[in-house]
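**Q** Below are the structure tokens for one structure; questions will follow.
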Amino acid sequence: MMFSKFKKLLSVFLIFSLVFSLFISISMNYAEAALSEDINGDGVVNMADVILIASHFNTVSGNSNYDIKCDLNKDNVVNMSDVVMIAGKFNSVSAPTATSTSKPTPSPTVTPTPTSTLKPTATATLKPTDTPTVKPTATSPSGYSAYVMGYFKESPNGSENSPNLHIAVSTDALNWTPLNQNNYVLKPAMGTKCLRDPFFCRKKDGTFVIVATDNWNSEYIHIWDSKDLTSFTNERLVRMNTTGMHAWAPETFYDASKGQYAIIWSGNTDRNRIYVSYTSDFVNVTSPQVFFDPGFSVIDGHMEVGVNGYNYLYYKSEKDFKLYGTKSTTLNPGSFNANTYTTGCGAPFTGSHTEAAIVMKSLTSNTWWLWGDSYNPVNAVFYAWQTNDITTNSWKAVDKKFYNAPMNAKHATIAAITATEYNNLISKYGAPTWNRLKSYNAPDKYVRHSNSDCLIASAPFDPTADMQWKIVPGLADPNGVSFESVNTPGSYLRHSNYVLTLQKNDGSTTFKQDATFYKKPGFSDSSWTSFSSYNNPDRYIRNLNSKLQIDPITSGSSDTDKQSATFMICY
């Protein structure tokens with residue numbers, strides 16, 4: 001017994017000796033470490049965090065919150081590699097004074113730091129109701145702690161069109177990490193081999209069924225089965241009608257009164273209506289019935305079932321191209337027809353077509369979000385609204401500053417997932433190796449290059465890769481960062497006469513210094529980022545009339561100047 005205790009003490013002593021020598025010899029910029037390795041949440045990255053990991057040495061990640069937090073390299077084991085990682089990032093500098101956790105804290109790591117401070121574009125001031133975490137550790141009563149999104153892609157000139165299934169994940173349902181580099185994870189092999197409008201339904205057995213549109217004019221829909229969205233089986237086409245109607249935007253939910261799953265979809269005769277077919281096996285379906293017909297053309301039905309005694313159907317009106325909600329105490333076809341209770345939610349510009357409603361409840365609060373994307377005059381732009389009471393007409397627009405949809409995403413679906421499913425998805429598909437930089441004072445705009453010019457521009461635009469950057473260790477100082485273009489490898493953002501341009505690295509000392517910047521807490525929001533120049537440390541990257549340059553910015557600068565020098569690192 002004494003010998004066993006001695007071995008344990010000796011092991012701990014050896015670990016601590018190694019850790020101490022590592023932290024003496026290795027350090028990194030605090031702004032990185034404080035965000036990701038403050039394990040005990042005391043605002044300081046120090047020996048206490050190293051000790052906390054050592055105390056969980058060789059425990060399996062996922063058995064407790066500490067274990068999840070301590071698995072820094074995400075290999076599902078808390079071991080020496082995690083101790084080494086934090087030791088390498090050890091820094092005893094105290095963290096800045098904490099700001100509200102409802103503000104965004106962006107991060108270019110695998111799990112993006114979410115933001116949920118909400119600001120209206122209308123009249124009311126929206127405050128967040130969630131406290132997002134870096135990893136999905138908090139779980140709802142259902143056991144879910146994160147979100148998954150499925151979508152297909154389109155871009156303005158069609159160069160980024162991808163009628164296939166794409167997947168993104170989020171810990172706050174507002175900020176999304178596209179997986180597999182935003183490339184597709186599933187491509188249809190049947191029908192028109194075109195997938196649009198995917199929908200994820202978690203069945204009663206906990207597995208998923210995926211349904212999707214089979215192109216524009218097909219009577220069929222695509223269906224797959226999946227255990228956890230990391231693989232897809234049993235691809236099949238199911239015919240929804242025999243009268244020549246298209247079968248758009250299928251969604252499915254369980255109707256307990258019938259003991260079957262209902263599949264709702266948009267079909268057309270003289271106008272579009274929402275139809276329903278029933279199934280027990282997602283192979284055989286009943287003949288279609290009209291589910292919702294308010295007397296004018298409607299498409300893109302989305303259901304929320306059994307919320308405080310009501311069922312909610314959200315849809316796109318083809319009269320004014322906005323999103324509306326209707327409710328019923330039953331799921332019977334026709335019961336929603338006369339019960340629309342909301343005013344329309346639409347994109348804030350004239351002539352906009354907003355469609356593909358998604359309603360999602362927060363896993364940790366009473367907050368509900370309504371998502372929709374535009375079709376015209378700008379395609380593939382997402383908008384979000386928020387309410388704390390889905391039973392009333394109280395949706396308020398969320399400022400685009402505080403949410404990020406995947407690039408070129410169209411007609412999405414969102415489902416709640418467990419921490420294990422979240423980690424499995426990232427492990428399977430991987431997070432992006434690139435980032436985008438969002439402007440604080442123009443939150444619909446991202447840093448891009450156009451030929452050699454560097455500016456901010458509204459997304460989406462083609463080519464997409466003009467706004468994708470690999471944030472690499474600084475060319476002149478690895479404690480800083482440099483921005484390498486994704487579609488022009490070897491070319492970097494650098495300043496010349498204080499103006500930022502994209503230029504190929506010539507290997508010179510001057511180029512490396514001009515292309516190196518330091519990450520600092522954002523001037524307008526400390527959870528965003530400002531970038532100071534390596535060789536002009538009083539100057540920061542900022543946008544002026546949508547062009548990028550480096551200018552002197554201080555705490556005493558005007559709010560306008562500070563906002564123009566504040567950016568979010570996102571995907």
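The values are calculated or read from the model by the stated rules, or taken from the named source; none is laboratory data. Quick caveat: nothing in here was measured; it's all calculated off a predicted structure. Note that each Cβ is placed from the backbone with ideal geometry, even for glycine, and that neighbours are counted across all protein chains shown. Ligands, DNA and RNA are excluded from the accessible area calculation, which covers all protein heavy atoms including side chains. Shrake-Rupley method; radii C 1.70, N 1.55, O 1.52, S 1.80 Å.
**Q** Output ³J(HN,Hα) for region 309-323: one whole-Hz value per residue in order, computed from phi by the Karplus curve 6.51 cos²θ - 1.76 cosθ + 1.60 with θ = phi - 60°, and x for Gly and Pro.
**A** Coupling constants for region 309-323: x, 10, 10, 10, 10, 9, 7, 9, 7, 7, 7, 10, 6, 10, 9 Hz.
**Q** Check which residues have an amide H placed less than 5 Å from Gln468's amide H, if you skip close sequence neighbours.
**A** Val486
**Q** While we're here: 5 Å is the cut-off here: which amide hydrogens, built 1.01 Å from N in the peptide plane, fall below it relative to Ala459, excluding neighbours closer than 5 in sequence?
**A** For Ala459, whose amide H was placed from the backbone, the distant partners under 5 Å are Tyr446.
**Q** Along the principal axes of its C-alpha atoms, what lengths does region 435-571 span, in descending order and rounded to whole Å?
**A** Here the spans come out as 37, 33, 24 Å, largest first.
**Q** For the pair Thr391/Val305, report the inter-label distance in nm, with labels modelled 7 Å from Cα in the Cβ direction.
**A** With each label placed 7 Å out from Cα toward Cβ, I get 2.2 nm.
**Q** In Å and on Cα atoms, what radius of gyration and Dmax does region 234-299 show?
**A** Cα-based Rg and Dmax for region 234-299 come out at 11.8, 38 Å.
**Q** Okay, moving on. Write down, largest first, the equivalent ellipsoid semi-axes of region 480-521 in whole Å, where each equals the square root of 5 times an eigenvalue of the alpha-carbon gyration tensor. Don't skip to the end; give the middle numbers.
**A** Details: eigenvalues 47, 33, 21 Å².
Square roots of five times the eigenvalues give 15, 13, 10 Å.
**Q** Protein chains only, probe 1.4 Å: how do Asp551, Asp255, Asp506 rank by accessible area, largest first?
**A** Asp506, Asp551, Asp255
**Q** Moving on. Using the C-alpha gyration tensor of region 200-246, what are the square roots of 5 times its eigenvalues, in whole angstrom, with the largest one first?
**A** Result for region 200-246: semi-axes of 24, 10, 8 Å.
**Q** Considering region 491-571, what Rg and Dmax in Å follow from its alpha-carbon atoms?
**A** Expressed in Å, the Cα Rg and Dmax of region 491-571 come to 12.5, 37.
**Q** Would you kindly derive the ³J(HN,Hα) couplings of region 558-568 from the backbone phi angles with the Karplus curve 6.51 cos²θ - 1.76 cosθ + 1.60 (θ = phi - 60°), listing them in order in whole Hz, with x for Gly and Pro?
**A** Rounded to whole hertz, the list is 5, 4, 4, 5, 5, 5, 5, 10, 10, 9, 9.
**Q** Same structure, new question: Counting only heavy atoms of the protein chains, get the accessible area per residue of region 486-544 (1.4 Å probe) and round it to a whole Å² value.
**A** Averaged over the residues of region 486-544, the accessible area is 42 Å².
**Q** Take the cross-link list Lys520/Lys547; Lys203/Lys322; Lys193/Lys410; Lys327/Lys445; Lys327/Lys396 and give me the ones stretching past 25 Å between alpha-carbons.
**A** Check vs 25 Å cut-off fails for Lys203/Lys322; Lys327/Lys445.
**Q** Could you compute Rg(Cα) / (2.2 N^0.38 Å) for region 450-530, with N its residue count?
**A** 1.11
**Q** Tell me, what HN-Hα J-couplings in whole Hz come from the Karplus equation 6.51 cos²θ - 1.76 cosθ + 1.60 at θ = phi - 60° for each residue of region 335-350, using x for Gly and Pro?
**A** Using θ = phi - 60°, the values come out as 6, 8, 4, 10, 10, 5, 10, 10, 7, x, 9, x, 4, x, 8, 5 Hz.
**Q** Something else now. Got a number for carbon plus sulfur as a percent of region 378-464's accessible area, 1.4 Å probe?
**A** Values: 1110 of 2560 Å².
Accessible surface attributable to carbon and sulfur in region 378-464 totals 43 percent.
**Q** Still on this model: Can you check how the C-alpha radius of gyration of region 281-440 compares to 2.2 N^0.38 Å, as a plain ratio?
**A** Taking the Cα Rg and dividing by 2.2 N^0.38 Å, one obtains 1.14.
**Q** So how much accessible area does Leu237 have, in Å² to the nearest 10, using a 1.4 Å probe?
**A** Accessible area, nearest 10 Å²: 50 Å².
**Q** Which entries in the list Lys153/Lys512; Lys319/Lys400; Lys319/Lys470 go over 32 Å, if you measure between the two C-alpha atoms of each?
**A** On the way: Lys153/Lys512 36 Å; Lys319/Lys400 26 Å; Lys319/Lys470 44 Å.
From the list (Lys153/Lys512; Lys319/Lys400; Lys319/Lys470), the Cα-Cα distance tops 32 Å for Lys153/Lys512; Lys319/Lys470.
**Q** With every protein chain present, what accessible area does Phe200 have (1.4 Å probe, heavy atoms only), rounded to the nearest 10 Å²?
**A** Using a 1.4 Å probe on the heavy atoms, I get roughly 10 Å².
**Q** According to the Kirkwood expression over distinct Cα-Cα pairs, how big is the hydrodynamic radius of region 388-506, in Å?
**A** That comes to 17.1 Å for region 388-506.
**Q** When all protein chains stay in place, what accessible area (Å², nearest 10, 1.4 Å probe) is found for Lys401?
**A** Approximately 20 Å² of Lys401 is accessible to the 1.4 Å probe.
**Q** Working from the alpha-carbon coordinates of region 140-249, get Rg over Rh, Rh being the Kirkwood radius.
**A** 0.99
**Q** Under a crude label model (7 Å from the Cα following the beta-carbon direction), how far is Asp225 from Arg202 in nanometres?
**A** 1.9 nm
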